[in-house]
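Visitor: Here's a structure for you.
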């Protein structure tokens, strides 16, 4: 943790909250203004906190501003300390978003009751110890996070939807395929390669309608093709073009949800020259056509 003096002039703001009957809490803290904002909330010591920075960056402040934890875009932070409360004191610079999921530890244990040895801090000897972990947000997790914050469901089913999405997010967070070991990823210890891989991600997002080939991308970021493919999958949890496909579909879904765009226009925006190809891709990802998806929002 770094020491930090909090600017007392930063205005305090309230986050948007959703709470399920089981006590699962989702917070959306967004700052689309030009000045930094402070978000505050009490959090009991029996709660485990998951914070996801989906845009910009963030700073978590502790001990009256004496310590801080930074969180950058596409990174997550897990916090748990059964010995003391960890209230939310979150400073968000301009153009930054953080989504937080806060779960009672008893409910959280129920998620993994038969897997306590798999999740290290759930083992009996660790249950009363504080825990901290920073990790990347995978494309699959990013999709669920966007679904959480953009839901427009009727109040009668919103609680059920939130609960399902929280369970899905927890499953993705703790999923560790045998061939991917984030803790042992050599790229995480190689700052130069990490910078190049992040640049690769930014390039394909910025040029998603006409993305470069893998070889072109490799040349542009000055990283060998093998290291690009291997490193991207280890750091972001998916291949370059699988990541891009998920991103494009999420952009398309969000555009359609506004009701301001025709299906063909959305397809062109994300790189499909024909509406039929876009419709097929959208259905492959979400199991429904763009038209039916739009209709479901107004039904």
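Visitor: Can you go through 65, 23, 56 and tell me which one is at pLDDT 90 or above and at positive phi?
Guide: 56
Visitor: Further, regarding this structure: Please work out which one of (1) in contact with a helix residue (DSSP H, G or I) (Cβ under 6 Å, 6 or more places away or on another chain); (2) exposed (fewer than 15 other Cβ atoms within 10 Å of the Cβ) is the condition residue 270 fails and give its number.
Guide: Unmet condition: (2).
Visitor: Residue 181: surrounded by fewer than 19 Cβ atoms within 10 Å (Cβ to Cβ) and at pLDDT 90 or above, yes or no? Working first, answer last.
Guide: Working: surrounded by fewer than 19 Cβ atoms within 10 Å (Cβ to Cβ): yes; at pLDDT 90 or above: no.
So residue 181 does not fit the description; no.
Visitor: Now a separate question. Residue by residue through the stretch 214-229, note down the ones that are surrounded by 15 or more Cβ atoms within 10 Å (Cβ to Cβ) and in a helix (DSSP H, G or I).
Guide: 214, 217, 218, 221, 227, 228, 229
The values are calculated or read from the model by the stated rules, or taken from the named source; none is laboratory data. The structure presented is a predicted model; accordingly, all values stated were derived computationally and were not measured. Reconstructed Cβ throughout: ideal geometry from the backbone, glycine too, with neighbour counts over all protein chains shown.
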